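Student: Dropping a structure here in structure tokens format, bear with me for questions.
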Amino acid sequence: MTDPLPPTALLVVAHGDGGADPRDETVRILAERLAKRLDLPVDWATLKRPETFAAAHDRLGPAAGRLAVYPLFMAAGFFVRVKLPKLLAEAGFVDTEILPVFGLEPRLVDLIERRLRSIASMQGGREPKDFRIALIAHGSGSGDTGSRRASEAIAADLGYRLGATLHLGFIEETPFFDEVIGAGAEIVVGLFVSAGTHALDDVAALVAKTPSVLHHVATVGDDAGVADMVVAALDARGSVPAA
């Protein structure tokens, strides 16, 4: 079996935020960090604003010929499986390879574990198991189980590593996030890609009114370690040198 040809560019794709003033800073900042580390052009796009795909294609120019796509999503649901390939094709990207989804990578659990151990240590040198920890995910009101299953896998892995029981709450399905946080959560971690509407307007607003919460991680997607995850995903192909 021959090694895959190296990509000529990398496109980081997220769902994106809606509204007149979309909060797309997370995906843009990640693309900028990666551009400084990789020896190939890097750009970004969001599904919420389809025009960003065509704009990225124009900016990349000839480098768009063989594209690696990093899906900054928590689950491999409809958006990744169906909508993402469609938007790539419509924007003119012909030769594309979609890398493993962010939320399903074991390295994400490593990242969250490090954050939780650091947070607990700052609270008098304690351990995560000493706290009531709530993980808040999107979930799905449409019956798609992808988000729930991905979140449950993260919670189970973290719980095993930390020797702790983690409590899952969701935006769109039961148990709802307000019930889980309101039940005495002390550390709240948002299993979100970016600090958009759910992370800020929904969860952060509730956390601000909940006296039991000692620490709140609004989103795991803006952690500086995410760039390391993307580089590792490219390295797993065995074809992308660092800058």
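Student: Among 143, 16, 159, which one moves the most in a GNM of the chain with springs linking Cα atoms closer than 10 Å?
Tutor: Top of the fluctuation ranking is 143.
Student: Can you give the helix-only mean residue ellipticity at 222 nm for the chain, where every DSSP H stretch with n ≥ 4 adds -39500 (n - 2.57) and the sum goes over all residues, rounded to the nearest 500 deg cm²/dmol? Show your work: numbers first, answer last.
Tutor: Details: 7 runs with 81 residues, N = 243.
It comes out at -10000 deg cm²/dmol, rounded to the nearest 500.
Student: Right, something else. According to the Kirkwood expression over distinct Cα-Cα pairs, how big is the hydrodynamic radius of the range 140-222, in Å?
Tutor: Working: mean 1/r = 0.0757 Å⁻¹.
By the Kirkwood definition, the hydrodynamic radius is 13.2 Å.
Student: If we sort 83-95, 58-70 on the protection proxy, mean other Cβ atoms within 10 Å, highest first, what's the order?
Tutor: Numbers: 83-95: 15.5, 58-70: 17.5.
So the order, starting with the most tightly packed, is 58-70, 83-95.
Student: Can I ask one more? Using only Cα atoms, tell me the angle between helix 225-235 and the longest principal axis of the chain; keep it within 0 to 90° and round to the nearest 10.
Tutor: For 225-235 against the chain, the angle is about 40 degrees.
Student: Identify all lysines with a Cα-Cα distance to residue 86 below 19 Å; exclude those on the same chain that are fewer than 8 residues away in sequence.
Tutor: By straight Cα distance, residue 86 reaches 48.
Student: If you fit an axis through the alpha-carbon atoms of helix 51-60 and take the longest principal axis of the Cα set of the chain, what angle between them do you get, 0 to 90°, nearest 10?
Tutor: Tilt of helix 51-60: around 50 degrees.
Student: Also: Specify the residue with the greatest mean-square fluctuation among 163, 190, 225, computed from a Gaussian network of the chain linking alpha-carbon atoms under 10 Å apart.
Tutor: Comparing 163, 190, 225 in the GNM, the peak value goes to 163.
Student: Could you tell me what percent of the DSSP beta bridges with both partners in the chain are antiparallel, to the nearest 5? Please report the intermediate quantities before stating the final value.
Tutor: On the way: 2 of 30 bridges.
Beta bridges within the chain, antiparallel portion: roughly 5 percent.
Student: Do any trypsin sites (Lys or Arg not before Pro) in the range 91-174 lie in a DSSP loop with no more than 14 other beta carbon atoms within 10 Å, and if so, which?
Tutor: Taking the range 91-174 and a limit of 14 other Cβ atoms within 10 Å, the loop trypsin sites (Lys or Arg not before Pro) found are 126.
Student: Let me ask something else about it. Cα centroids of the range 103-176 and the range 8-79: how far apart, whole angstrom?
Tutor: Cα centroid to Cα centroid, the span is 26 Å.
Student: For Cα extents along the principal axes in Å, the listed values are (i) 51, 45, 36; (ii) 53, 42, 35; (iii) 54, 35, 30; which was obtained by calculation from the structure presented?
Tutor: Recomputing Cα extents along the principal axes in Å here gives the entry labelled (iii).
Student: Tell me the angle of helix 146-162 to the major Cα principal axis of the chain, expressed in degrees between 0 and 90 and rounded to the nearest ten.
Tutor: 60 degrees
Here, each number is a calculation from the coordinates, and none is a lab measurement. Since the structure is predicted, the reported quantities are computational estimates derived from the model, not experimental observations. Positions of Cβ are backbone-derived with ideal geometry, glycine not excepted, and every protein chain shown enters the neighbour counts.
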